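For reference, the structure discussed in these notes is given below.
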Amino acid sequence: MAEKFNRRQFLCSAARLGAVMAGANLIGRRSRSAQACAPAVSKQRKLIVVLFGGGTRSSESIDDPAHRYIPRLWNEMVPKAALFTNMRVEHKVVHPNSAGSIMTGHWEWDDIDWTRPVAHPTIFEICRRARRTPDTSTWAFVYASILAKTGESLAPDYGKAYAANVVEPPTIPRTTAEEMDRRMQQAASLGSADAEARAAAACAKLARQTSHISVDGLRSKEAGSFLDAEYKKWKAGSDSTSHDAFLTDRAIACMRTFAPDVMAVDFGEIDCAHYGSWSRYVDAIQRTDELTWRLWRATQEIEQYRGQTLMLILPDHGRQLDRPGHWGFIHHSNFYTNEGADEGCRRVWMIALGPGVRTGRRIEKPVPITTVAATGLQYLGLEASAGAESSVWNLIS
């Protein structure tokens, strides 16, 4: 069997195609005695969490005076939203840890063992258990297999029985990636844009033909049938082979098919910054901006979501500041030791859009990213697990 081609290697090859084709001291821990009684809310309400993932610095997003790389977010969504400008990544700065912590309200995976589910109940499990809904009511679309366990927990009385369906992008064999590299390098040596375009199209076709998609995160025959049909459609198509575009298309199709109550979309192509190319990094931010906007537009167009959906959008973490002796945008700390986890890594932002959100509200106080779970669940009329970070719904409603 061919060796699976890892995500960063895939991004490296895919990028050649692209051009052609509040601190804990301010937000207290949740306690049962301090919980406000949740108001009665409609069970038609929906929650969508979008991780503007792969590591996005504020300097290239909300702090850029021109907002060059997030025009959709800044010009079309922020005016209709509340904006948190100082969300905090207080523990290890690495994609799975941040994603898992956002989904539970607790800091997860301190041992870096991403093969095991998170320790505390996820937003998916809490919603399914409370509403007694089938697996097709909760979905997570994640950019890599290291995030495959964010849809379930090891918590007693939760786990697989209430887990979300988790969809990962297709993967390709290493031999395919090497052949794609060879073809693109050969085309580039000719100095012809037409030759590069032809090579890109051939590589995209090869990637589709030799790809594989995991079904390990699916919980039912209905979920399996849905993904099988969507994957076949993608293989037969000719549009982008981007991982994040694949996730977006499948997420919107899922919204139209199942109208899930809780959905998370975890983007990741911004992580191409590890290859050291500034242009690829900011191009990936712009693509993620566009894909996030498409998800938001779907909530306006699909009847079950229109006027019912809270969307919370935030980076999983940032990247290092540009300073002597550090990697800058290329890296985001040593996640084993936390060395290098500076303010560029730890300070991110969040956009909250939906019914009841006070538009134009700007929150500058430090707020942990772990507040997302309780905030989203409160909107649904539910509660996060004991010990989870408190909701900040009161700051935006």
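The values are calculated or read from the model by the stated rules, or taken from the named source; none is laboratory data. Not measured: the values here are computed from a predicted model. So basically every Cβ, Gly included, is an ideal-geometry build from the backbone, and we count neighbours across all protein chains shown.
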### Query
For the stretch 356-374, what are the residues that are touching a helix residue (DSSP H, G or I) at 6+ places or on another chain (Cβ under 6 Å), over 22 Å from Arg306 (Cα atoms) and hydroxyl-bearing (Ser, Thr, Tyr)?
Thr370
### Criterion violated by Thr150 - all others in (1) within 18 Å of Ile48 (Cα to Cα); (2) in a loop (DSSP other than H, G, I, E, B); (3) at pLDDT 95 or above; (4) not aromatic (Phe, Trp, Tyr) satisfied
(3)
### Task
Tell me, please, whether a residue that is more than 17 Å from the chain's Cα centre (by Cα) and of a type in the set (Val, Ile, Thr) can be found in the stretch 80-98.
yes
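Residue-by-condition table, conditions (1) under 29 Å from the mean Cα position of the chain (by Cα); (2) more than 23 Å from Asp244 (Cα to Cα); (3) of a type in the set (Ser, Thr, Tyr):
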| position | (1), (2), (3) |
| --- | --- |
| Gly151 | yes, no, no |
| Ala161 | yes, yes, no |
| Ile172 | yes, no, no |
| Gln185 | no, yes, no |
| Ala195 | no, yes, no |
### Query
Could you say which residue among Ile270, Ile252 is surrounded by fewer than 22 Cβ atoms within 10 Å (Cβ to Cβ) and among the aliphatic types (A, V, I, L, M)?
Ile252
### Task
Considering only the stretch 348-397, state which residues are closer than 17 Å to Lys80 by Cα and outside any strand (DSSP E or B).
Gly354, Pro355, Gly356, Val357, Arg358, Thr359, Gly360, Arg361, Trp393, Leu395, Ile396, Ser397
### Task
Return the pairs, sorted by first residue and then second, in which the second residue is assigned to a helix (DSSP H, G or I), the first residue lies in the stretch 188-217 and is among the basic types (Lys, Arg), the beta carbons are less than 7 Å apart, and the residues are 6+ apart or on different chains.
Arg208/Lys235
### Task
Could you grab the pairs with beta carbons closer than 8 Å, sequence gap of 6+ or different chains, first residue in the stretch 43-61 and more than 9 Å from Ile285 (Cβ to Cβ) and at pLDDT 95 or above, second one aliphatic (A, V, I, L, M) and part of a loop (DSSP other than H, G, I, E, B)?
Arg45/Leu380; Lys46/Ala259; Leu47/Leu380
### Message
Looking at Ala229, Ala264, Ala223, Ala251 in this structure, which one is outside any helix (DSSP H, G or I) and at pLDDT 95 or above?
### Response
Ala264
#### Entry: All positions within the stretch 289-340 that are more than 22 Å from Ala144 (Cα to Cα), among the hydrophobic types (A, V, I, L, M, F, W, C) and modelled with pLDDT under 95
Leu321, Trp327
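Could you list, in sequence order, the residues of the stretch 309-330 that are outside any strand (DSSP E or B) and buried (at least 18 other Cβ atoms within 10 Å of the Cβ)?
The answer is Pro315, Asp316, His317, Gly318, Arg319, Gln320, Phe329.
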### Query
Taking the stretch 62-94, which residues are closer than 15 Å to Gly344 by Cα and either in a helix (DSSP H, G or I) or β-branched (Val, Ile, Thr) (or both)?
Ile62, Thr85, Val89, Val93, Val94
### Query
Only one of (1) modelled with pLDDT of 90 or more; (2) more than 19 Å from Ser385 (Cα to Cα) is not met by Arg128, so which one is it?
(2)
